[in-house]
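J.: Right, I'll just put the structure down here and ask away after.
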Amino acid sequence: MKYFFFPCSIGVRCQNQKRFALAVVDERGAKRLRSGRTKNKIILWNFPFFRGISYFFCAIIALLCAFWDSTKLSSQPVQSQGLSDKIADKLSIKKQSVIISVLLLISLVLTLIAFGYVPTKLSFVFIGMSMNFALRNFLIALVKVFIFILMLLILRFIPAMQDLYKFNGACNQVRLRQGGTQKVGKRDYHSCLNALNVVVFTFLLAMFVITCVGVSIAAHWNFLINLAIFIACIGFAFEICYIFDKFRCLKPLAIITDFFVSMKPSITHDEIARIALNEVKYFSGEKQLEEDKVARSTLLAEMQTQLEKAEKFEKSDVDWIIATVLDKNRAEAKLVKFFTQKQAQEILKACSMRAAGKPLSAIFGFVEFYGLRFDVNKKVLAPRMETEILVEEVVKHVAESKNAEILDLCTGSGAIAISLAKFTNAKICASDISKPALQTAAANAQKNNAKVEFIESDMFNKLKKRKFDVIVSNPPYIRTLDISGLDDEVKNFDPTLALDGGEDGLKFYRIIAEQASMHLKNGGWLFLEIGKGQFKDVEKLLSQAGFVDISTKKDYAKIIRVVKAKYDKRK
């Protein structure tokens with residue numbers, strides 16, 4: 001594992017081998033953060049059995065650190081007449097921490113009595129001394145395990161312990177996602193491989209084995225042998241948990257013991273665990289964050305919560321929102337560790353609009369494409385990231401050409417034409433049937449200081465007999481009947497004219513296949529963006545029209561997105 005999680009009564013501690021972060025919720029509901037370097041490292045991780053022993057003792061230390069450090073981040077408690085309130089005020093710690101401490105102390109005393117003296121005496125009373133030694137110890141071990149489970153069940157219903165278990169459930173969920181976009185299932189707040197479960201399972205196993213062995217020599221030898229058995233049980237218990245966690249088919253078995261130490265977390269519990277993970281990832285270097293600042297880790301967790309709830313989470317969207325509000329490029333924005341309250345509010349406001357289904361292009365009125373900025377509106381289709389692949393292929397193709405002429409057919413916002421004008425030495429002509437779209441494209445060309453010739457034309461109609469070295473196009477390719485089923489953020493914000501590709505989505509590809517050869521120089525190339533599953537049909541159209549050397553390029557989702565074909569009138 002790359003990250004390790006440890007819950008406390010008011011938050012979560014996350015750490016890797018170098019640093020830790022503790023995120024908590026104070027009495028006012030405010031999220032507080034503390035981070036730093038750690039020497040509490042888990043060694044021998046690649047060595048089965050030994051890694052379990054290392055993990056166990058590191059987990060105990062981390063749980064204690066999480067518990068006591070959380071008291072430093074909580075707000076000053078309100079004065080009251082209760083004993084726990086007076087103790088909390090005297091020690092300047094949280095009342096809940098006092099309650100947990102008392103419970104832990106009581107539990108320790110009860111454990112010594114319950115698992116030592118009582119089960120043995122009861123067993124002698126009901127089983128007797130004359131029974132077989134092995135059978136008698138086995139029955140005593142069962143009694144001890146039963147009492148231990150009963151105590152865990154009682155603790156589960158104590159309100160002061162429930163937040164601890166909910167934070168543990170949140171740790172399980174976040175560890176499963178590891179900050180990613182994986183959707184968490186209904187029972188994924190249970191996991192074998194969490195600190196509390198490993199500790200509980202270890203004690204259950206050790207208690208059972210030590211009692212069954214029943215060493216009875218001299219007191220000091222009893223202690224040393226039982227200690228050795230306990231340490232061995234730590235290693236074996238961890239490996240069992242590790243195997244159950246690794247294989248999803250065994251995951252339901254995790255609930256057997258984890259049921260007692262994990263509960264379904266709320267959104268706040270889950271968010272706190274994400275903040276701790278993000279802080280370890282994007283380490284701020286601040287031991288304790290000032291209240292007027294918002295850490296990147298906190299902001300990212302709140303954004304992810306909003307977007308995942310609306311099923312709109314995309315990491316690229318998160319990066320772009322932050323970069324846009326800060327007026328920086330994405331690389332620069334990723335270096336920002338802290339935000340002012342005003343910046344955080346603006347970012348979360350944009351995030352809320354995105355969660356409501358508004359595309360980023362509509363929220364900010366522009367998009368970034370191929371390193372350039374383009375204004376967009378309802379008159380033009382906002383350029384997609386996948387279209388950058390189309391531009392990249394054309395840029396590589398004309399890299400060695402000095403006087404190439406390129407036609408961008410169905411230019412829309414002008415993103416393709418302007419990008420080619422900025423990153424090649426080619427002469428660029430762009431056409432579109434929509435006059436408002438051409439006005440937007442011309443404005444974008446001016447803002448990006450790009451030289452492009454714009455022509456209002458229905459496909460090739462007004463291009464007369466002009467010929468080009470390259471024709472590039474991202475035409476409408478959605479089937480007419482499919483438009484009504486598109487996401488609201490597409491059909492409500494992108495013009496239908498830029499989406500509708502006719503009954504089968506191939507209307508404009510037929511026109512291009514039939515007429516492109518009349519506007520390509522001999523040996524010229526055609527570059528097209530296509531929709532999912534359209535390659536075979538488009539390939540057939542181009543082959544029938546005499547195009548050769550047809551090849552493709554896949555997008556980031558491994559879908560064929562770009563088709564490249566050569567015109568050779570000799571063939």
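J.: Given R₀ = 41 Å, FRET efficiency for residue 467-residue 315 by Cβ-Cβ distance, to 0.05?
T.: It comes out at approximately 0.40.
J.: Can you give me the angle between helix 133-156 and the longest principal axis of the chain, using Cα atoms only, in degrees from 0 to 90, rounded to the nearest 10?
T.: 60
J.: Sticking with this one: Return the Rg/Rh ratio of region 376-567 with Cα-based radii and a Kirkwood Rh.
T.: Over the Cα atoms of region 376-567, Rg/Rh equals 0.93.
J.: Considering only DSSP states other than H, G, I, E and B, which trypsin sites (Lys or Arg not before Pro) in region 394-444 qualify as loop sites with at most 10 other Cβ atoms within 10 Å?
T.: 402
J.: Which loop-located trypsin sites (Lys or Arg not before Pro) does region 16-47 contain, where loop means any DSSP state but H, G, I, E or B and the Cβ has at most 11 other Cβ atoms within 10 Å?
T.: 18, 28, 39
J.: Explain nothing, just the number: relative contact order of the chain, from Cα pairs under 8 Å at least 6 residues apart, as a whole percent.
T.: 10
J.: Continuing with this model, one more query. Given R₀ = 45 Å, what would the calculated FRET efficiency be for residue 243 paired with residue 337, taking r from the Cβ atoms and rounding to 0.05?
T.: After rounding, the FRET efficiency stands at 0.70.
J.: Continuing with this model, one more query. Antiparallel versus total DSSP beta bridges in the chain: what percent is that, nearest 5?
T.: 65
J.: Also, quick follow-up: Quick one: of 315/532; 467/566; 396/427, which pairs are farther than 18 Å apart, Cα to Cα?
T.: 315/532
J.: Contour minus end-to-end for residue 532 and residue 176, with contour as 0.36 nm per residue of separation and end-to-end as the Cα-Cα distance?
T.: So the chain would gain 125.1 nm between residue 532 and residue 176.
J.: Compute the angle between helix 195-213 and the longest alpha-carbon principal axis of the chain, please, reported from 0 to 90 degrees and rounded to the nearest 10.
T.: 40
J.: With r defined as the distance between the Cβ atoms of residue 256 and residue 228 and R0 fixed at 45 Å, what FRET efficiency is calculated, to the nearest 0.05?
T.: With a Förster radius of 45 Å, E is 0.95.
J.: With 42 Å as the cut-off, how large is the P(r) tail for the chain, expressed as percent of Cα-Cα pairs?
T.: In whole percent, the share of Cα-Cα pairs in the chain beyond 42 Å is 44.
J.: Between residue 216 and residue 522, what is the label-to-label distance in nm when each label sits 7 Å out along the Cα-to-Cβ direction?
T.: Placing both labels 7 Å along Cα→Cβ, they lie 10.6 nm apart.
J.: In nm, give the distance between the simple-model label positions of residue 492 and residue 18, each being 7 Å from the Cα along the Cα-to-Cβ direction.
T.: Computed distance between label sites residue 492 and residue 18 equals 4.4 nm.
J.: Please list, in order along region 334-349, the HN-Hα scalar couplings obtained from phi with the Karplus expression 6.51 cos²θ - 1.76 cosθ + 1.60 (θ = phi - 60°), rounded to whole Hz, x for Gly and Pro.
T.: 5, 8, 6, 9, 10, 10, 6, 4, 5, 4, 4, 5, 5, 5, 5, 5
J.: For region 316-402, state the semi-axes of the equivalent ellipsoid (square roots of 5 times the eigenvalues of the alpha-carbon gyration tensor), sorted largest first and rounded to whole angstrom.
T.: 29, 17, 9
J.: Another question about this same structure. Over all distinct Cα pairs, what is the inverse of the mean 1/r for region 19-65, reported as the Kirkwood hydrodynamic radius in Å?
T.: Radius from the Kirkwood sum: 12.4 Å.
J.: Roughly how tilted is helix 315-326, in degrees to the nearest 10 and between 0 and 90, from the longest Cα axis of the chain?
T.: Helix 315-326 sits roughly 80 degrees off the main axis of the chain.
J.: To continue, here is another question. Can you pull the one-decimal nm distance between simple spin-label points at residue 484 and residue 47, each 7 Å off the Cα toward Cβ?
T.: 6.8
J.: Another question, if that's okay. Setting aside same-chain residues fewer than 8 positions from residue 39, which lysines have a Cα under 23 Å from its Cα?
T.: 2, 18, 72, 281, 287
J.: Quick check of the Kirkwood formula: for region 290-356, what is the inverse mean of 1/r over all pairs of different Cα atoms, in Å?
T.: With all distinct Cα pairs of region 290-356 included, I get 11.8 Å.
J.: So which trypsin sites (Lys or Arg not before Pro) in region 464-530 are both in a DSSP loop and have at most 12 other Cβ atoms within 10 Å of their Cβ?
T.: Sparse-neighbourhood loop trypsin sites (Lys or Arg not before Pro): 464, 465.
J.: Taking the alpha-carbon distance from residue 342 and a cut-off under 19 Å, which lysines remain once sequence neighbours fewer than 8 residues away in the same chain are dropped?
T.: 31, 293, 328, 334
J.: Does anything in region 501-524 have its amide N under 18 Å from the 7 Å Cα→Cβ label point of residue 569, and if so which residues?
T.: Within reach of a label on residue 569: 513-524.
J.: Related question: Cross-link partners among aspartates and glutamates for residue 402, C-alpha distance below 20 Å, same-chain residues fewer than 8 apart left out?
T.: Result set, ordered by chain and number: 392, 393, 453, 469.
Where a number appears in this text, it was derived from the coordinates with a stated rule and is not lab data. Fair warning: this is a prediction, and the values are worked out from it, not measured in the lab. All Cβ positions, even for glycine, are placed from backbone atoms using ideal geometry, and neighbour counts span all protein chains on display.
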